[in-house]
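Participant: Shown below is the structure under consideration.
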Amino acid sequence: MAPELEDLFSKYEIARIIGARALQISMNAPLLIKLSTEQLEEIKFDPIRIAEVELRSGILPITVNKPFPMKKEEALKRVKERKLTDEEKAKIETTEEEEIEKEGEIMELATPDDEVEEESDSGSDDERE
């Protein structure tokens, strides 16, 4: 029993093989399989279908090279992290805070009085209309 085509090749490899062979057939390459005129009329002389029949019959002399990844023999080195002292961490934090203060905009907290004034302003607009 012959192994299935899908077990040997991926769907992308099958598509590539059929496409390459169909191109050869469309450029008047000789057929590798004997097909009667009835069979050719049944598949409407389609080069893709002819290439598929040739591939499924197993007579195409095409191989696919599937290289495996190379194994490395050397051991991986662990990256050493530099340990920061508490003083260095505090310096870094203060410099980051200073940069944020320089770039950022200081926002004030809203007070309940501010919210009441905004509501009363919007109410006066309704009365004018």
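Rundown of residues vs (1) surrounded by 11 or more Cβ atoms within 10 Å (Cβ to Cβ); (2) within 23 Å of LYS66 (Cα to Cα); (3) not aliphatic (A, V, I, L, M), yes/no style:
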| residue | (1), (2), (3) |
| --- | --- |
| GLU4 | no, yes, yes |
| LEU8 | yes, yes, no |
| GLU13 | yes, yes, yes |
| GLU38 | no, no, yes |
| GLU41 | no, no, yes |
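Participant: Filter the stretch 63-94 for residues that are at pLDDT 85 or above and surrounded by 10 or more Cβ atoms within 10 Å (Cβ to Cβ) and give the result.
Facilitator: VAL64, GLU88, LYS89, ALA90, LYS91, ILE92, GLU93, THR94, listed by residue number.
Participant: Can you name every residue in the stretch 1-33 that is among the charged types (D, E, K, R) and either assigned to a loop (DSSP other than H, G, I, E, B) or closer than 12 Å to LEU55 by Cβ (or both)?
Facilitator: Of everything in the stretch 1-33, those that are among the charged types (D, E, K, R) and either assigned to a loop (DSSP other than H, G, I, E, B) or closer than 12 Å to LEU55 by Cβ (or both) turn out to be GLU4, GLU6, GLU13, ARG16, ARG21.
Participant: Give the number of residues within the stretch 34-84 that are hydroxyl-bearing (Ser, Thr, Tyr) and not in a loop (DSSP other than H, G, I, E, B).
Facilitator: Selection size over the stretch 34-84: 2.
The values are calculated or read from the model by the stated rules, or taken from the named source; none is laboratory data. Because the structure is predicted, anything quoted here is derived from the model rather than measured. Glycine also receives a Cβ, built like all others from the backbone with ideal geometry; neighbour counts cover every protein chain displayed.
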